[in-house]
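Scroll down for the structure; my scribbles are underneath it.
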Amino acid sequence: MKLADPVDTIPFVGPGYAWRLKKLGVNTVKDLLYHIPNRYQDFSLLSNISTLQPGEEVTIQGQILSIENIYTRKRIVIQRAQVSDGEGVIEATWFNQPFLVKNLPPGTMVSLSGKVKASGSRRSLVSPEYEKLRTTNYAFPKETSLLRTGDTVHTGRLVPIYPETEGLSSKWLRSKISHTLPRVIEEISEYLPEELLARFKLISLQDAIKKVHYPKSLEEALEGRRRLAFDELLEYQLKSLIRKNEWKEKKLSHKLLVNQEKMLQFINSLPFNLTDSQRRSGREILRDLKKSQPMNRLLEGDVGSGKTVVAALACYMAVQNGFQATFMAPTQILASQHYVTLNSILGPLGVSVGLVTGGRRKAKSEKRKKIDVLVGTHALVQKSVTFENLGLVVIDEQHRFGVAQRAILTQKGSGGFSPHVLTMTATPIPRTVALTIYGDLDLSTLDELPKGRLNIKTWVVPPQKREGAYDWIRKHVKDTDEQAFIVCPLIEESEKETMKAVRAATAEFEMLSRKVFPDLRLGLLHGKVGLSEKDEIMRKMQGGEIDILVATPVVEVGIDISNATIMMIEAAERFGLAQLHQLRGRVGRGAKQSYCLLFSGSSSPQVVMRLKSLEKTMSGRELAEIDLKMRGMGELYGTLQHGFPELKIASFMDTELIKATRFAAEWLVEQKADLSRFLSGSEIVVPN
Ligand code: ADP
Ligand code: MG
């Protein structure tokens with residue numbers, strides 16, 4: 001057996017098991033060794049039956065004296081056995097596993113782990129883990145110290161509990177891993193240099209793998225985990241460092257001249273004063289644009305913090321230098337909106353703005369070539385879209401695009417020059433995450449909202465107050481020209497909107513129109529609505545002809561309706577806090593007081609507490625960090641957004657290890673080490 005072999009080379013792993021393993025991300029023998037327990041059950045205490053105390057979690061070893069099936073009236077079959085270790089006898093019971101009577105006939109030597117229960121003077125083990133001991137000729141031990149350890153897999157030790165899937169239990173995984181590990185472990189070779197192992201007190205890779213699966217103590221398990229986590233993070237760090245260096249070394253861009261007078265003209269033409277952080281970010285961007293090395297900057301800011309105008313400033317400067325700029329947004333709605341906004345900001349300054357989306361008839365490409373700022377969806381990536389002189393690429397909600405799409409757009413410069421690249425996101429990124437996966441980007445942050453914005457009043461609404469909340473919404477919407485959004489539950493964890501979600505939204509819309517708000521004007525928006533209909537709905541919403549817009553969560557990003565003051569979210573517990581925060585940001589755009597109502601189907605105190613953090617804070621970053629702590633990375637951004645990798649072993653909370661691997665990556669690059677040894681290839685996709 002070799003590490004690279006497919007899992008079905010392991011005995012008794014057929015296509016069915018291979019398929020289930022695949023669901024856990026395990027395709028090869030090596031993957032199986034890297035399938036790391038998420039916890040351990042401590043069955044390491046070996047006891048004599050005669051000294052067992054009720055409540056103890058123990059392992060006993062002995063001989064089955066008798067075993068029988070007991071049929072109850074409630075269709076439950078109980079297996080009851082008597083087990084003796086020569087000095088004491090204990091009863092063991094299991095439920096609905098009649099095959100045990102055949103499997104563990106009297107005389108079998110077994111090892112049992114579980115909690116000791118007592119009723120009166122009788123002690124028993126209920127549903128203990130069991131395994132047969134291999135020795136047939138087994139002398140009863142007289143002393144506890146004679147009990148055999150080290151031979152057992154499921155009992156008598158720190159028993160690993162693995163991430164499981166339907167039809168694949170930890171017990172099954174344990175037996176396969178215990179079969180496989182000794183046969184391939186020698187093939188695993190150390191690739192970290194001695195200096196790093198010593199400096200960061202890391203154990204060898206072989207030891208690490210043995211210790212996570214077979215720890216003698218929790219400390220050993222943690223040592224093993226730490227080493228594997230180090231490797232995982234190091235790979236991320238190296239990848240972002242390599243990208244950063246490539247960007248620095250290979251690419252050349254046009255140096256732009258920043259004309260102070262033009263800049264002031266731009267700022268003065270705005271209907272508002274820029275916030276301090278908009279000014280700071282603007283300065284950081286302009287400083288980049290003056291360099292011959294292309295900008296690669298991420299502008300991060302909560303929804304409503306005013307990223308667009310900062311990007312518009314950069315576009316304006318590019319155009320002033322005789323270059324074109326392009327602005328890519330993830331949806332047609334957003335692209336249209338940016339088109340309108342940029343037109344209103346840049347049009348009066350003499351800049352021409354164009355729009356390209358997939359659904360629209362293609363503008364004559366000749367004409368398009370001359371446009372100063374071309375706004376669009378991913379349709380901009382098409383071959384037919386070309387530029388005479390592209391100087392700047394702006395990508396909004398950058399994580400919504402694939403790496404390839406972004407790369408194609410940034411290669412549309414001419415004459416061997418690369419455009420400067422500004423990416424933007426409203427997704428709050430905890431610092432440790434930025435350090436790991438965005439290590440190659442420079443970061444600007446908008447950490448304040450424009451002055452005069454009111455906090456959005458947020459409430460978690462318990463189920464019994466649903467009717468009241470509907471009444472409140474009705475009254476509020478009826479008496480004013482204000483509007484509301486109702487966001488339907490996230491149904492499937494899929495990035496694309498499924499038909500199921502569309503049907504659910506449609507049903508919700510019909511129910512609300514008929515039963516709850518028959519007197520109001522409702523609209524429905526989801527991903528399957530046709531383009532012209534979508535435009536029509538948005539136009540109506542903007543024009544105040546719709547009171548309540550029912551939408552799927554996919555409509556999350558960037559809709560800007562200044563009269564919308566109520567955001568109601570169904571089944572809020574299914575969303576991450578950062579996501580809810582982004583949804584909430586759809587309202588509160590104007591000067592009016594806005595509200596966010598979070599409905600939850602769960603009344604579990606933990607869920608309510610988590611949601612209530614939205615009542616208390618308006619900072620996206622804070623919410624992201626709370627979610628990171630409470631639920632981990634995957635939940636943080638939800639599956640609506642891709643590009644955020646989930647760590648398998650390491651944690652983004654582990655600042656110490658993140659710093660250590662950053663250091664190690666820089667050191668390896670400095671040493672001119674052969675980095676290919678540290679990269680596992682395509683397994684980990686890092687957004688750039
Ligand atoms: P986001 O960061 O979510 O993309 P936008 O760029 O869409 O935010 O800005 C949100 C709203 O705030 C827009 O209507 C914009 O005109 C307005 N805005 C931006 N900057 C300021 C400011 N400094 N003062 C007041 N309003 C602003
Ligand atoms: Mg925006």
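The values are calculated or read from the model by the stated rules, or taken from the named source; none is laboratory data. Remember, predicted model here, so these are calculated numbers, not experimental data. Cβ coordinates were reconstructed from backbone atoms using ideal geometry, including for glycine residues, and neighbour counts include every protein chain displayed.
Would you pick out the residues in region 415-455 that are assigned to a strand (DSSP E or B) and out of contact with any Gly (no Cβ under 9 Å at 6 or more places or on another chain)?
421, 422, 423, 442, 443
Looking only at region 286-312, which residues are aliphatic (A, V, I, L, M), assigned to a helix (DSSP H, G or I) and buried (at least 22 other Cβ atoms within 10 Å of the Cβ)?
Result: 289, 310, 311, 312.
Does region 68-77 contain any residue that is in contact (Cβ under 8 Å) with a residue 12 or more places away in the chain and under 28 Å from the mean Cα position of the chain (by Cα)?
Within region 68-77 (the criterion being in contact (Cβ under 8 Å) with a residue 12 or more places away in the chain and under 28 Å from the mean Cα position of the chain (by Cα)), the answer is no, since none of the residues qualifies.
Table: residues versus (1) surrounded by 13 or more Cβ atoms within 10 Å (Cβ to Cβ); (2) in contact with a helix residue (DSSP H, G or I) (Cβ under 8 Å, 6 or more places away or on another chain); (3) at pLDDT below 90.
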position	(1), (2), (3)
141	yes, no, yes
145	no, no, yes
153	yes, yes, yes
169	yes, no, no
179	yes, no, no
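So which of 474, 466, 453 is surrounded by fewer than 19 Cβ atoms within 10 Å (Cβ to Cβ), modelled with pLDDT under 85 and basic (Lys, Arg)?
After applying the criteria, what remains is 453.
Just one of the numbered conditions (1) surrounded by fewer than 21 Cβ atoms within 10 Å (Cβ to Cβ); (2) over 29 Å from residue 656 (Cα atoms) is not true of residue 216; which one?
(2)
Of the residues that sit in region 267-285 and are charged (D, E, K, R) and in contact (Cβ under 8 Å) with a residue 12 or more places away in the chain, which one is nearest to ligand 1 (Cβ to nearest atom)?
276
Taking only region 1-27 into account, find how many residues are among the polar types (S, T, N, Q) and closer than 15 Å to residue 173 by Cβ.
1
Kindly indicate whether residue 253 is in contact with a Pro (Cβ under 9 Å, 6 or more places away or on another chain) and assigned to a loop (DSSP other than H, G, I, E, B).
Considered against the rule, which asks whether it is in contact with a Pro (Cβ under 9 Å, 6 or more places away or on another chain) and assigned to a loop (DSSP other than H, G, I, E, B), residue 253 comes out as yes.
Please pick out the residue among 210, 251 that is in the same structural domain as residue 322 (by TED's automatic domain parsing), charged (D, E, K, R) and farther than 19 Å from residue 680 by Cα. Working first, answer last.
Values: 210 fails: in the same structural domain as residue 322 (by TED's automatic domain parsing).
Just a single option satisfies the conditions, and that option is 251.
Restricting region 316-334 to residues that are within 13 Å of ligand 1 (Cβ to nearest atom) and among the hydrophobic types (A, V, I, L, M, F, W, C), which is surrounded by the fewest Cβ atoms within 10 Å (Cβ to Cβ)?
By that ranking, first place goes to 334.
With the structure loaded, tell me whether residue 349 is among the hydrophobic types (A, V, I, L, M, F, W, C), within 16 Å of ligand 2 (Cβ to nearest atom) and at pLDDT 90 or above or whether it fails that test.
The answer is no for residue 349.
Which residues, counting only those in region 325-346, are touching a helix residue (DSSP H, G or I) at 6+ places or on another chain (Cβ under 7 Å) and more than 14 Å from ligand 2 (Cβ to nearest atom)?
Once the filter is applied, which keeps residues that are touching a helix residue (DSSP H, G or I) at 6+ places or on another chain (Cβ under 7 Å) and more than 14 Å from ligand 2 (Cβ to nearest atom), region 325-346 yields 325, 326, 332, 346.
Within region 9-16, is there a residue that is under 38 Å from the mean Cα position of the chain (by Cα) and surrounded by 15 or more Cβ atoms within 10 Å (Cβ to Cβ)?
Looking through region 9-16, at least one residue is under 38 Å from the mean Cα position of the chain (by Cα) and surrounded by 15 or more Cβ atoms within 10 Å (Cβ to Cβ).
Select from region 380-397 the residues that are within 16 Å of ligand 2 (Cβ to nearest atom) and acidic (Asp, Glu) and write down the one among them that is nearest to the chain's Cα centre (by Cα).
In this case the residue turns out to be 397.
Kindly provide the set of residues from region 337-354 that are away from ligand 1 (no atom under 11 Å from the Cβ), surrounded by fewer than 22 Cβ atoms within 10 Å (Cβ to Cβ) and either of a type in the set (Ser, Thr, Tyr) or outside any helix (DSSP H, G or I) (or both), ordered by number.
Listed by number, the residues that qualify are 339, 350, 351, 352, 354.
For region 286-315, name all the residues that are at pLDDT 95 or above, more than 12 Å from ligand 1 (Cβ to nearest atom) and touching a Phe, Trp or Tyr at 6+ places or on another chain (Cβ under 9 Å).
315, the sole residue that qualifies.
List the pairs whose first member sits in region 597-621 and is closer than 28 Å to residue 300 by Cβ and in contact (Cβ under 8 Å) with a residue 60 or more places away in the chain, whose second member is in a helix (DSSP H, G or I) and among the β-branched types (Val, Ile, Thr), and whose Cβ atoms are under 9 Å apart, counting only residues at least 6 apart or on separate chains?
Partner pairs satisfying both residue conditions: 597/473.
Answer yes or no: is there a residue in region 33-49 that is in contact (Cβ under 8 Å) with a residue 12 or more places away in the chain, touching a helix residue (DSSP H, G or I) at 6+ places or on another chain (Cβ under 6 Å), assigned to a helix (DSSP H, G or I) and aliphatic (A, V, I, L, M).
yes
Which residue, of 526, 581, is within 14 Å of ligand 1 (Cβ to nearest atom), out of contact with any Lys or Arg (no Cβ under 6 Å at 6 or more places or on another chain) and either more than 22 Å from residue 508 (Cα to Cα) or touching a residue at least 12 places away in the same chain (Cβ under 8 Å) (or both)?
Values: 526 fails: within 14 Å of ligand 1 (Cβ to nearest atom).
Unique residue meeting the criteria: 581.
Please go through (1) more than 16 Å from ligand 2 (Cβ to nearest atom); (2) within 26 Å of residue 579 (Cβ to Cβ); (3) among the small types (Gly, Ala, Ser); (4) surrounded by 17 or more Cβ atoms within 10 Å (Cβ to Cβ) for residue 404 and return the number of the only condition it doesn't satisfy.
Answer for residue 404: the failing condition is (4).
Within the group 634, 638, which residue is more than 21 Å from residue 435 (Cβ to Cβ), away from ligand 1 (no atom under 16 Å from the Cβ) and either out of contact with any Gly (no Cβ under 9 Å at 6 or more places or on another chain) or at pLDDT below 85 (or both)? I'd like the intermediate steps shown before the answer.
Values: 634 fails: more than 21 Å from residue 435 (Cβ to Cβ).
Just one listed residue meets the conditions, 638.
Any idea which residue in region 422-440 is nearest to ligand 1 (Cβ to nearest atom), counting only those that are at pLDDT below 85 and of a type in the set (A, V, I, L, M)?
Narrowing region 422-440 to residues at pLDDT below 85: 426-440.
In the following step, the residues that additionally are of a type in the set (A, V, I, L, M) were identified as 426, 429, 433-435, 437.
On the way: 426: 6, 429: 15, 433: 20, 434: 18, 435: 23, 437: 22 Å.
By that ranking, first place goes to 426.
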